[in-house]
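S.K.: Attaching a single structure in structure tokens format; questions to follow.
Readers should treat all values here as calculations from the given coordinates under stated rules, not as data from a laboratory. Values in this document were obtained by computation on a predicted structure and should not be read as measured data. With ideal geometry, Cβ positions are generated from the backbone for all residues, glycine too; neighbour counts draw on all protein chains shown.
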Amino acid sequence: MSAETTLQSLWQFAGCAPDFLQQLRFSGNGQQLSSTFQVGDIACASIAAQALMAAQIWQQRSGHVQQVEVDRRHALALFRSERYLTIDGQAPADLWSKIAGYYQAGDGRWIQLHTNFPHHRDGVLRVLHCADQREAVAQAIQGWSAHELDARLAAEGMCAAMIRTAPEWQAHPQAAAIASLPLFEIERIGDAPPQPLAPLQTGRPLSGVRVLDLSRVIAAPVAARTLAQHGAEVLAISAAHLPNILPLVIDTGRGKRSAQLDLRREQGRESLRELVRGADVFLQAYRPGALAGQGFSPEALQQLRPGMIHVSLSAYSHLGPWAGRRGFDSLVQSATGIAYEEGVAAGLSGPGKLPCQALDHATGYLAAFATMVALHRRAVEGGSWQVRVSLAQTGHWLQGLARRGGQEDAAELSAAEIAASLETTECSFGLVSAVKPVEQMSATPAYFAWPPVPPGTHAAQWSPDLVGYI
């Protein structure tokens, strides 16, 4: 399957007009990164889908057609955007936990620990009763079976995954629970009158659209960043007591303003409710049900703001016994058989991994695409809408594509290719160099109107001078 065919299937699944596909072309070197999976195809297709949807929205607002071009190698660089970030010419300090990674348990099976947040690291160490040293952790894990430790850490709310084969995952109750789910869901959940975007002759596809971004790490922040690069006003809402990873804040924070609210307190919840009343999109990546417990369920949001588009991103989906399980891209790779298959393909004695955080990035671009489809449907049909995506559903999509030889038509990105994909921005962090948007759009180039800022830089309020709806 090619990037063109993959894009066509995404476009058709979303019910988009097929004529618009003629406005997009892929360019550049078609070599992929070394992997047995079609990482290059999903990178190109997911990025192209959201760009083409932005072009469609622009055409509806302005009456003008534009052409979109996606360079295949630039798309691969963007799927590694966090890897190529520099500040004042230097790579950020490595914040990866020294005990994170793969370990062989006492039964010979492998397990992965994800301990980059301090409370996750400390929780793992409490379960293992050992020091914060890789050798001590490895020795402690020898006293467990991988399955027992996987279950215990999950019960404690920690982040880990036993390395499973694809058949083992397919036999798992969580895989069975999500087997019938589509790649992404766009569902009408309430009534509201149509809300067409105001006609524009100048501006950007999403000018006037307001997005609340309640997310951290990669996938959901990438989705919100993507909406920002097409002109949406994105307000990232974090909290001072929640940990974050600064290089990711910088990379995914481009194009956004940033405020902090403490949703444990009524004052913070009321401030968020006020923001919701003026928002169009509420994007969140908390575990399913977590924000509902604070009064921000999709149903509550549509009562506050009829016509709201609620976007939910999770690790293992909203259904099944693992719906509330914490997870990250690499853990989903481990749990679902991707890491096992990559290890076998590479001739390793243990698990391998995809050449980039492909589940994170693809899920982010699919979420942005589905959000724009929902905005279009709201403009035409009215209604409040729910968009759901998950890393596991994206992984299922990737695993369903034909395999390729790990080194088949593969080449690592060269220094020249990486340099060509970068742009630099002067901001409070210094001179930030990061991967720029891939899509070349003939009428509305994608760009970031705001530089990245530290969390909590701005007030929790909307800009007063937006051009929005009719």
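S.K.: On a full-extension model of 0.36 nm per residue, what is the gain between residue 142 and residue 9, subtracting their alpha-carbon distance, rounded to one decimal in nm?
M.R.: Working: separation 133, 0.36 × 133 = 47.88 nm, distance 4.55 nm.
Once the chain is fully extended between residue 142 and residue 9, it gains 43.3 nm.
S.K.: Treating cross-link reach as a plain straight distance, find the lysines whose alpha-carbon is under 21 Å from the alpha-carbon of residue 256, omitting any fewer than eight places away in the same chain.
M.R.: Here the lysines satisfying the reach criterion relative to residue 256 are 436.
S.K.: Report, in debye and to the nearest 20, how large the dipole of the chain comes out about its Cα centre when Lys and Arg carry +1 and Asp and Glu carry -1 on their Cβ. Display every interim value, and only then the final one.
M.R.: Working: 37 positive and 41 negative charges, 132 e Å.
Dipole magnitude for the chain comes out near 640 debye.
S.K.: Which of the GluC sites (Glu not before Pro) found in the range 409-460 are in a DSSP loop and have at most 13 neighbouring Cβ atoms, other than their own, within 10 Å? Kindly include the intermediate steps, with their values, before the conclusion.
M.R.: On the way: sites: 412, 417, 423, 426, 439; in loops: 412, 439.
Loop-located and lightly packed - 412.
S.K.: Which label belongs to the value computed from this structure, given these candidates for Kirkwood radius over Cα pairs in Å: [x] 22.6; [y] 23.5; [z] 25.1?
M.R.: Label [x] holds the value from this structure.
S.K.: Starting from the Cα-Cα distance between residue 29 and residue 132, subtract it from 0.36 nm times their residue separation and give me the gain in nm to one decimal.
M.R.: Working: separation 103, 0.36 × 103 = 37.08 nm, distance 4.43 nm.
Full extension from residue 29 to residue 132 adds 32.6 nm.
S.K.: Taking the mean number of other Cβ atoms within 10 Å as a proxy for protection, how do you rank 332-339, 380-387, 286-293 from highest to lowest? Intermediate values should be presented prior to the final figure.
M.R.: Details: 332-339: 26.8, 380-387: 20.1, 286-293: 15.6.
Final packing ranking: 332-339, 380-387, 286-293.
S.K.: Shifting gears a bit: So, by mean Cβ neighbours within 10 angstrom, what's the order for 197-204, 440-447 with the highest one leading? All intermediate terms of the calculation are to be shown ahead of the outcome.
M.R.: On the way: 197-204: 15.2, 440-447: 17.9.
Highest to lowest by the protection proxy: 440-447, 197-204.
S.K.: So, one more: Can you work out the PRE-style zone for residue 407? Point 7 Å along Cα to Cβ, and I want the residues of the range 22-47 with backbone N under 16 Å.
M.R.: 32-37
S.K.: Follow-up. In whole percent, what relative contact order does the range 218-297 give with Cα contacts below 8 Å and a gap of six or more residues?
M.R.: Numbers: 61 pairs, mean separation 23.3, N = 80.
Relative CO of the range 218-297 lands at 29 percent.
S.K.: What's the magnitude of the charge dipole for the range 130-200 around its Cα centre, counting Lys and Arg as +1 and Asp and Glu as -1 at the beta-carbon? Answer in Debye, nearest 20.
M.R.: On the way: 4 positive and 9 negative charges, 21 e Å.
With Lys and Arg at +1 and Asp and Glu at -1, about 100 debye.
S.K.: Still on this structure, I have one more. Be a star and scan the range 98-130 for residues whose amide nitrogen sits under 16 Å from the point 7 Å along the Cα-to-Cβ vector of residue 264.
M.R.: Once the point is set 7 Å along Cα→Cβ of residue 264, 118-120 turn out to lie under 16 Å by backbone N, inside the range 98-130.
S.K.: Under 9 Å from the Cβ of residue 421, count the other residues' Cβ atoms, weight Lys and Arg +1, Asp and Glu -1, and hand me the total.
M.R.: Numbers: positive: 73, 436; negative: 71, 417, 423.
In short, -1.
S.K.: If you don't mind, there's one more thing I want to ask. Tell me which of 352, 87, 229 sits at the most positive position along the dipole axis of the chain, charges placed on C-beta atoms (Lys, Arg +1; Asp, Glu -1).
M.R.: It is 229.
S.K.: For the peptides 57-68, 355-366, what is the packing order when you average, over each peptide's residues, the other Cβ atoms within 10 Å and list the highest mean first?
M.R.: Numbers: 57-68: 17.6, 355-366: 27.3.
Descending mean neighbour count gives 355-366, 57-68.
S.K.: I'd like the trypsin sites (Lys or Arg not before Pro) in the range 227-278 restricted to DSSP loop residues with at most 13 other Cβ atoms within 10 Å, sorted by number.
M.R.: For trypsin sites (Lys or Arg not before Pro) across the range 227-278 that sit outside H, G, I, E and B with at most 13 neighbouring Cβ atoms in 10 Å, the list reads 264, 265.
S.K.: In nm, to one decimal, how far is the residue 90 label point from the residue 349 one, both placed 7 Å along Cα→Cβ?
M.R.: In this crude spin-label approximation the distance works out to 3.7 nm.
S.K.: If you don't mind, there's one more thing I want to ask. Tell me, what is the percent relative contact order of the chain, built from C-alpha pairs under 8 Å that lie six or more residues apart? Don't skip to the end; give the middle numbers.
M.R.: Working: 1015 pairs, mean separation 124.4, N = 470.
Here the relative contact order equals 26 percent.
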